[in-house]
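Quick notes on the structure that follows.
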Amino acid sequence: MPVDAPRDRPVCLTVNNISFSYGAELVLENVTLAVRQEEFVGVAGLNGSGKTTLLKILVGLLRPDAGTVEFTCHMDDCEGMSPCRPCIGYVPQQPVLRQQQFPVTVREVIAMGTYGQSGLFSRPTKDDAAAVDKAIAEAGLGRIAGELFSDLSGGQQQRALIARALVGNPHILALDEPTNGVDAKSKQEFYALLSHLHLTHKITVLIILHDLTELSRMMERIVFLHHRVLYDGPAGALGSEGLWNLMVRAGSQ
C-alpha cells in the first residue's frame with residue numbers, strides 16, 4: 001500500500017489553469033494541479049468529465065486552449081531538459097488498441113517505445129535492443145514476445161504496452177483506464193506490476209481507473225475531476241464513500 005508522498009519531493013509536472021474545448025463543448029475549465037516526483041496519483045470522475053482529455057494534454061497529445069503545462073525532470077540523466085517528453089510513458093485506453101489489428105509481434109510493439117529517442121526511421125542500436133529485452137523481462141512477457149500483439153488477451157496487451165512505455169526509461173507513467181475489459185486475475189497481476197514499477201523503480205504514476213474501489217485502495221492521492229477539480233488530496237482521507245459523494249455532486253451539476 002503506497003504512503004503519502006513527502007511534501008519535500010520536487011514537483012515534476014505542473015498544470016496551470018488549463019482549459020480545453022471541443023468546439024463549443026467546454027471539457028476542462030481552469031484545471032490546476034502539481035505532481036511530485038514518485039507520487040502515485042489516481043484520476044477519477046464521471047464519463048465525459050475530461051479525464052482522458054486531461055491526460056492527453058499532460059503527455060503532449062493535445063494542446064490546451066488556455067493555461068500551461070510544465071514538465072521538469074529531476075533525474076541525473078536529463079536534468080534541465082524541458083520539455084522532456086520522452087520521459088513520459090503513455091498507455092492509452094484498451095478499446096482503442098483492440099481496433100488496431102496490425103500484424104506486429106509483441107517485441108515489435110515494445111520496440112516502438114524507442115522511437116521517441118532514436119526516431120521512427122532510425123536503425124535500432126544495441127542499446128535499443130537491450131532496453132527492449134529488459135522491458136520484456138520486467139513485464140513478464142518473455143514466453144510470448146514472438147506472438148502477434150492482436151492475438152493476446154486484454155491483460156497481456158496492457159503488459160506489452162507498459163513494456164513499450166518502459167523502453168524509453170520514463171520518469172512518469174500515464175495510464176488511461178488500463179484495466180477496462182480485463183478479467184479479475186489479470187487486473188491483480190497488472191496492479192502488482194504497477195506497484196512494483198512505482199516502488200522499485202521510483203516511477204511517478206498517473207492513472208485513470210474506472211473502478212472506484214480499486215482507485216481509493218491503491219492510490220496515495222486522488223484527483224476527482226468534473227471539468228474542473230472537485231477534490232485533490234490523500235486517498236485515505238476521501239475513501240470510497242467520499243468518492244461516491246463526489247460522483248453524486250458531479251452528476252447534479
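Tell me, what is the FRET efficiency for L46 and R9 to the nearest 0.05, using R0 = 22 angstrom and their Cβ-Cβ distance as r? FRET efficiency, L46 to R9: 0.15.
Taking R0 as 35 Å, what FRET efficiency do you get between A130 and L199 from their Cβ-Cβ distance, rounded to the nearest 0.05? Walk me through the intermediate numbers first.
Working: r = 24 Å, r/R0 = 0.67.
The computed FRET efficiency comes out at 0.90.
For the cross-link pairs K51/K187; K126/K185; K126/K187, the ones whose C-alpha atoms lie over 30 Å apart are K126/K185; K126/K187.
Would you kindly calculate the mean projected area, averaged across all directions, of the convex hull enclosing the Cα atoms of segment 141-204, in square nanometres? Directional mean of the projected Cα hull area for segment 141-204 stands at 4.6 nm². Taken along its principal axes, the alpha carbon cloud of segment 11-251 reaches lengths of 50, 41, 37 Å, longest axis first.
The charge dipole of segment 11-251, taken about the Cα centre with unit charges on the Cβ atoms of Lys, Arg (+1) and Asp, Glu (-1), comes to about 240 debye, rounded to the nearest 20. Cβ crowding within 10 Å ranks T32, T105 as T32, T105, fewest other Cβ atoms first.
Label-to-label distance for K185 and E25 is 3.8 nm, based on points extended 7 Å past Cα in the beta-carbon direction.
Suppose we take every Cα in segment 182-223 and form the convex hull; what volume per residue is that in Å³?
On the way: hull volume 3.2 nm³, N = 42.
Cα convex hull per residue, to the nearest whole number: 75 Å³.
For segment 132-253, what D do you get in µm² per second when you plug the Kirkwood radius from alpha-carbon pairs into Stokes-Einstein at 10 °C and 1.306 mPa s? Write out the running numbers ahead of the final one.
Values: Rh = 15.8 Å.
Taking Rh from Cα pairs, D becomes 101 µm²/s.
Ranking L166, Y231, T204 by Cα position along the charge dipole of segment 11-251, where only Lys, Arg, Asp and Glu carry charges on their C-beta atoms, puts L166 farthest toward the positive end.
Coordinate-derived values only; no laboratory data. All values derive from a computational prediction rather than experimental measurement. Cβ sites come from the backbone with ideal geometry, for glycine too, and all protein chains shown count toward neighbours.
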